[in-house]
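Notes follow the structure.
The values are calculated or read from the model by the stated rules, or taken from the named source; none is laboratory data. Small disclaimer: the values here were computed from a predicted structure and weren't measured. Heads up, the Cβs are rebuilt from the backbone with ideal geometry, glycines too, and the neighbour counts pull from every protein chain shown.
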Amino acid sequence: MIESLVGALSFIFRAVAFVLGIAVAISRMQRLARLFTGSDAIVEVPPDPKILPPAAQRALAEAKQRHDGASFIDKYVSPSCK
């Protein structure tokens, strides 16, 4: 009877030690993450991006065309000819 009671108490003690070990590991990982990132805040990212209105989509398309045109010139024209 005493052996089963000691076994049960030993199991409970080991379970508590295991849970505390996991909690300490999580805490240390959070500290390490703060050390690497230099930030204390956790940033939440929105699940879905918002759809842009048609005017904004057109403006982005025009800006991309202007940028593509500039990169084409930069690729094929030497700086001395500009």
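For the stretch 28-53, the set of residues classified as assigned to a loop (DSSP other than H, G, I, E, B) and surrounded by 10 or more Cβ atoms within 10 Å (Cβ to Cβ) consists of LEU52 only.
Checked against the criterion of being modelled with pLDDT of 90 or more, out of contact with any Asp or Glu (no Cβ under 7 Å at 6 or more places or on another chain) and β-branched (Val, Ile, Thr), the candidates VAL24, VAL45 yield just one match: VAL24.
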